[in-house]
1. Count, please, the residues in the range 69-105 that happen to be in a helix (DSSP H, G or I), among the aromatic types (Phe, Trp, Tyr) and without any contact (Cβ under 8 Å) to a residue 60 or more places away in the chain.
2. Which ones in the range 103-121 are of a type in the set (D, E, K, R), touching a Ser or Thr at 6+ places or on another chain (Cβ under 7 Å) and surrounded by 14 or more Cβ atoms within 10 Å (Cβ to Cβ)?
3. If you check Ile142, Ile104, which single one turns out to be among the β-branched types (Val, Ile, Thr) and out of contact with any strand residue (DSSP E or B) (no Cβ under 8 Å at 6 or more places or on another chain)?
4. Give the residues of the range 1-33 that are surrounded by 10 or more Cβ atoms within 10 Å (Cβ to Cβ), of a type outside the set (Ser, Thr, Tyr), more than 30 Å from Gly154 (Cβ to Cβ) and in contact (Cβ under 8 Å) with a residue 40 or more places away in the chain, sorted by residue number.
5. For the range 1-46: of the residues being β-branched (Val, Ile, Thr) and at pLDDT 95 or above, which is nearest to Phe148 (Cα to Cα)?
6. Have a look at Thr72, Thr138, Thr110, Thr85 and point out the one that is among the β-branched types (Val, Ile, Thr) and more than 21 Å from Leu24 (Cβ to Cβ).
7. Is it true that some residue in the range 80-99 is closer than 16 Å to Arg32 by Cα, surrounded by fewer than 18 Cβ atoms within 10 Å (Cβ to Cβ), out of contact with any strand residue (DSSP E or B) (no Cβ under 8 Å at 6 or more places or on another chain) and of a type in the set (Val, Ile, Thr)?
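The values are calculated or read from the model by the stated rules, or taken from the named source; none is laboratory data. Values in this document were obtained by computation on a predicted structure and should not be read as measured data. Cβ coordinates were reconstructed from backbone atoms using ideal geometry, including for glycine residues, and neighbour counts include every protein chain displayed.
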Amino acid sequence: MGFLKAGDIISGQEGRAHATINGLNYEMFYLRNLRATAEKQKSDIKTLGKRGTQRKAAGWSGTGSMTIYYVTSMFRKMMYDYIKTGKDVYFDITIVNEDPNSTIGRQTVTLLGVNLDSVVMAALDVDADELDEDIDFTWEDIDMPDLFADPTLG
């Protein structure tokens with residue numbers, strides 16, 4: 001029986017991300033972590049001859065969160081503009097996982113139609129050595145141009 005080689009486990013530090021906002025690319029070097037989730041929405045279905053309730057996929061929704069170091073005003077500015085003018089911004093985030101120590105290659109995921117839910121507008125913390133902020137968002141579509149290869153078993 002084979003086993004997963006430790007070298008093929010992807011390091012969380014080996015990657016990069018950039019946001020495409022109004023056609024301009026911004027490297028997200030200040031990113032500490034990002035997690036995007038697709039969740040199915042299901043309908044309850046009852047049928048004759050079956051006492052239990054069945055489920056049928058009826059759509060999906062994309063949500064996410066990221067923690068960034070408190071070194072950019074870009075997301076605050078987006079929220080500020082929305083507060084003051086009502087003009088909302090939708091943008092894309094591309095995440096690349098690529099660990100040179102792994103044999104499985106690169107995975108690239110682009111979250112399309114990202115829209116901010118909440119943004120820290122100001123922060124202070126006398127106990128913190130560094131400030132960070134959590135940002136929640138939704139996304140509307142996805143592209144996956146690069147997928148990991150299957151790991152080579154040991």
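1. 2
2. none
3. Just one listed residue meets the conditions, Ile104.
4. Matches in the range 1-33: Ala17, His18, Ala19, Ile21, Met28, Arg32.
5. Thr37
6. Thr138
7. No, that holds for no residue.
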